[in-house]
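Visitor: Have a look at this one before I ask anything.
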């Protein structure tokens with residue numbers, strides 16, 4: 001039965017993704033219009049982001065400006081890489097690597113932003129020096145209410161930053177390794193054998209992702225009540241949405257393509273067509289997120305004021321810490 005299906009299937013269903021020029025020649029009127037609209041969306045996202053960067057660079061103080069530029073660039077960069085992957089199907093491995101590595105840094109930058117919105121590391125420690133943090137949050141320990149609250153110390157802050165930073169470093173290193181193995185023919189998403197590289201790298205990257213999301217969730221769940229005036233909840237929601245769409249959605253589409261649910265349509269095989277659909281959907285989603293994020297981030301505001309203004313010694317400590325943070 002399988003031999004008869006293979007004999008009737010188009011040979012393109014078993015070949016590599018087509019070259020860019022071959023793909024363009026296959027486009028009909030609808031395909032041309034679709035490519036034009038999606039390319040326009042990605043270009044608009046990128047241009048808005050560049051204007052956004054100029055505004056943040058002029059209006060925001062250091063180091064918050066660099067953090068905001070990194071975070072606000074997540075959706076435009078992913079949309080731009082998806083556009084390249086749409087036009088050049090054989091470059092999807094490289095475009096996905098750039099998007100994933102960039103977002104890995106964004107995960108760490110979100111944690112840094114939460115701390116900077118409260119005045120920086122020194123003021124953060126002063127503000128919560130006599131308090132404890134709840135750590136039974138997702139995605140690791142949301143089902144463990146018995147976990148004790150932990151005191152906020154410099155060591156805890158270091159561990160939280162390290163937990164998010166390891167993903168930015170290791171994800172980039174493993175993504176580069178995956179591309180190197182792919183060029184040598186050793187990395188294939190469809191190869192689920194125990195000897196394949198994909199079956200080892202992808203689950204390990206998934207574990208690193210979960211570990212990195214936990215520190216960000218801990219800080220957010222314990223500080224979001226103080227940052228509501230800065231619209232931190234919708235900002236965090238946009239970050240979570242980019243995470244789900246760029247990581248989980250892409251994985252689901254790839255699994256459907258490997259399973260054969262997404263049919264082969266020459267000149268695209270099932271896997272190549274799944275990647276193409278993922279890139280096209282991603283452009284639309286990231287374009288919408290870019291517009292929403294622009295409304296949330298493109299404004300100036302001050303950090304959250306310290307709570308106890310009556311404590312003279314603590315106020316002086318806050319002032320000194322502020323001077324240190326801004327290298328005055």
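Visitor: Taking the options 46, 50, name whichever one is at pLDDT 85 or above, surrounded by 13 or more Cβ atoms within 10 Å (Cβ to Cβ), out of contact with any strand residue (DSSP E or B) (no Cβ under 7 Å at 6 or more places or on another chain) and part of a helix (DSSP H, G or I).
Guide: That would be 46, the only listed residue that is at pLDDT 85 or above, surrounded by 13 or more Cβ atoms within 10 Å (Cβ to Cβ), out of contact with any strand residue (DSSP E or B) (no Cβ under 7 Å at 6 or more places or on another chain) and part of a helix (DSSP H, G or I).
Visitor: Another question, if that's okay. Mind checking which residues of the stretch 244-260 are crowded, with 19+ Cβ neighbours inside 10 Å and either within 16 Å of residue 106 (Cα to Cα) or in contact with a strand residue (DSSP E or B) (Cβ under 7 Å, 6 or more places away or on another chain) (or both)?
Guide: Across the stretch 244-260, the qualifying residue is only 246.
Visitor: Consider residue 118 carefully, then state whether it is modelled with pLDDT under 90, in contact with a helix residue (DSSP H, G or I) (Cβ under 8 Å, 6 or more places away or on another chain) and more than 19 Å from residue 232 (Cβ to Cβ). Walk me through how you get there before you give the answer.
Guide: Numbers: modelled with pLDDT under 90: yes; in contact with a helix residue (DSSP H, G or I) (Cβ under 8 Å, 6 or more places away or on another chain): yes; more than 19 Å from residue 232 (Cβ to Cβ): no.
When the stated conditions are applied, residue 118 does not pass them.
Visitor: Which number in (1) over 15 Å from residue 189 (Cβ atoms); (2) in contact with a helix residue (DSSP H, G or I) (Cβ under 7 Å, 6 or more places away or on another chain) marks the one condition that residue 243 misses?
Guide: Among (1) over 15 Å from residue 189 (Cβ atoms); (2) in contact with a helix residue (DSSP H, G or I) (Cβ under 7 Å, 6 or more places away or on another chain), residue 243 violates only (2).
Visitor: Looking at 253, 283 in this structure, which one is within 30 Å of residue 27 (Cβ to Cβ), assigned to a helix (DSSP H, G or I), modelled with pLDDT of 90 or more and in contact with a helix residue (DSSP H, G or I) (Cβ under 6 Å, 6 or more places away or on another chain)?
Guide: Only one candidate qualifies: 283.
Visitor: Which residue is nearest to the chain's Cα centre (by Cα), if the candidates are limited to the stretch 96-118 and must be free of Cβ contacts under 8 Å to residues at least 60 places away in the same chain and more than 15 Å from residue 220 (Cα to Cα)?
Guide: So the residue we want is 102.
Visitor: Can you tell me which residues in the stretch 207-229 are touching a residue at least 12 places away in the same chain (Cβ under 8 Å), farther than 26 Å from residue 182 by Cβ and surrounded by fewer than 18 Cβ atoms within 10 Å (Cβ to Cβ)?
Guide: 221, 224, 226, 229
Visitor: Hey, residue 74 hits all of (1) without any contact (Cβ under 8 Å) to a residue 40 or more places away in the chain; (2) surrounded by 21 or more Cβ atoms within 10 Å (Cβ to Cβ) but one; which does it fall short on?
Guide: With respect to (1) without any contact (Cβ under 8 Å) to a residue 40 or more places away in the chain; (2) surrounded by 21 or more Cβ atoms within 10 Å (Cβ to Cβ), residue 74 is out only on (1).
Visitor: Given (1) out of contact with any helix residue (DSSP H, G or I) (no Cβ under 9 Å at 6 or more places or on another chain); (2) assigned to a helix (DSSP H, G or I); (3) farther than 30 Å from residue 260 by Cα; (4) at pLDDT below 90, identify the lone condition not met by residue 21.
Guide: Status for residue 21: all satisfied but (3).
Visitor: If the requirement is being within 15 Å of the chain's Cα centre (by Cα) and either at negative phi or part of a helix (DSSP H, G or I) (or both), which of these qualifies: 246, 225? Before the answer, list the steps.
Guide: Details: 225 fails: within 15 Å of the chain's Cα centre (by Cα).
Residue meeting the stated conditions: 246.
Visitor: Here is a further query. Can you confirm whether residue 204 is surrounded by fewer than 18 Cβ atoms within 10 Å (Cβ to Cβ), farther than 22 Å from residue 243 by Cβ, within 23 Å of the chain's Cα centre (by Cα) and at pLDDT 85 or above?
Guide: Taking the combined requirement at face value, the residue does not satisfy it.
The values are calculated or read from the model by the stated rules, or taken from the named source; none is laboratory data. All values reported here derive from a predicted model rather than from experimental measurement. A quick note on method: Cβ atoms are made from the backbone with ideal geometry, for glycine too, and the neighbour counts reach across all protein chains shown.
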